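Student: Dropping a structure here in structure tokens format, bear with me for questions.
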């Protein structure tokens with residue numbers, strides 16, 4: 001297939017993905033615009049690029065996956081981003097969600113523990129023209145205290161319990177989203193920092209790889 005035809009196919013597939021997200025209940029126009037703008041095919045291995053715009057999780061190597069777009073959209077909706085927030089993403093993975101966040105927030109910090117994935121994400125972000133992202137390699141289970149506080153903390157792997165040790169890294173009114181549970185049974189929770197307390201809300205069932213690190217599994 002010629003490069004121009006392939007590019008056109010990706011554009012059509014991306015448009016259909018945005019329509020599916022809208023039909024599923026995603027109403028935030030900024031989120032829909034981000035999905036319309038970020039080339040997801042650049043963030044997945046070439047062998048699975050033909051499925052880049054399917055609403056499906058895909059393997060990205062090293063035992064990791066890129067979540068299906070519907071999951072990313074749901075998480076971003078609960079982040080309630082207005083465009084000026086400082087966001088911490090724990091688990092850069094492919095870099096796709098990082099790219100989405102760069103269009104929805106003011107400043108994005110992202111941590112990836114697997115060096116090969118971090119470098120692949122860095123290349124993909126550069127190819128997609130994404131800037132304004134602080135990307136580092138390391139154990140993200142303890143957050144990024146040197147850069148705290150954050151308005152939003154978004155964890156892309158399942159912790160054994162709500163990560164209370166990260167609550168002090170939230171701003172007043174900040175939100176933390178994390179899948180919680182064992183490798184087989186997980187729930188997505190949203191923690192909101194109130195004045196002197198933290199409210200924990202269960203959003204939905206979830207299925208993520210385990211959070212590996214000193215404060216994970």
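Since every read-out is calculated from the coordinates, none of them should be taken as a lab result. Computed from a predicted structure; not experimentally measured. Methodologically, a virtual Cβ is constructed for each residue, glycine included, from the backbone with ideal geometry; neighbour enumeration extends over all protein chains shown.
Student: What ranking of 146, 201 emerges when the number of other C-beta atoms within 10 Å of each C-beta is taken as an exposure proxy, fewest first?
Tutor: 146, 201
Student: Sticking with this structure for a sec: Work out the FRET efficiency for residue 49 and residue 134 from their Cβ-Cβ distance, taking R0 = 25 Å, and round it to the nearest 0.05.
Tutor: Computed FRET efficiency for residue 49 and residue 134 comes out at 0.35.
Student: What is the distance in Å between the Cα centres of segment 122-144 and segment 150-217?
Tutor: One Cα centre to the other: 20 Å.
Student: Suppose R0 equals 45 Å; then what is the FRET efficiency for residue 202 and residue 9 from their Cβ-Cβ distance, rounded to the nearest 0.05?
Tutor: 0.70
Student: Further question on the same structure: Please say if segment 52-94 is rounded, prolate or oblate, where rounded means a/c under 1.5 for a ≥ b ≥ c the square roots of the C-alpha gyration tensor eigenvalues, and otherwise the choice is prolate for a/b larger than b/c and oblate otherwise?
Tutor: oblate
Student: What do you get for the angle between helix 115-127 and the principal long axis of the chain? Use alpha-carbon atoms, 0 to 90 degrees, nearest ten.
Tutor: 50 degrees
Student: According to a simple spin-label model (label point 7 Å from Cα along Cα-to-Cβ), what is the distance in nm between residue 29 and residue 123?
Tutor: My value for the distance between the label points is 3.8 nm.
Student: Return the distance in nm (one decimal) between the two label points of a simple spin-label model at residue 146 and residue 16, each offset 7 Å from Cα along Cα→Cβ.
Tutor: So the label points at residue 146 and residue 16 sit 4.6 nm apart.
Student: Can I ask one more? Full-extension gain between residue 57 and residue 84, please, as 0.36 nm times their residue separation minus the C-alpha to C-alpha distance.
Tutor: Computed gain between residue 57 and residue 84 is 6.8 nm.
Student: Averaged across orientations, what area in nm² does the convex hull of the alpha carbons in the chain project?
Tutor: Dividing the Cα hull surface by four gives the mean projection, 11.3 nm².
Student: Let me ask something else about it. Counting DSSP beta bridges in the chain, what percent are antiparallel, to the nearest 5?
Tutor: 50 percent
Student: Using a/c under 1.5 as the rounded threshold, could you call segment 127-213 rounded, prolate or oblate? The axes a ≥ b ≥ c are square roots of the C-alpha gyration tensor eigenvalues, and prolate needs a/b larger than b/c, oblate otherwise.
Tutor: Oblate.
Student: Can you tell me the relative contact order of the chain? Whole percent, Cα pairs under 8 Å, sequence separation 6 or more.
Tutor: Result for the chain is 14 percent.
Student: Taking square-rooted eigenvalues a ≥ b ≥ c of the alpha carbon gyration tensor, is segment 28-126 rounded, prolate or oblate, where a/c under 1.5 means rounded and, failing that, a/b exceeding b/c means prolate?
Tutor: Here segment 28-126 falls in the oblate category.
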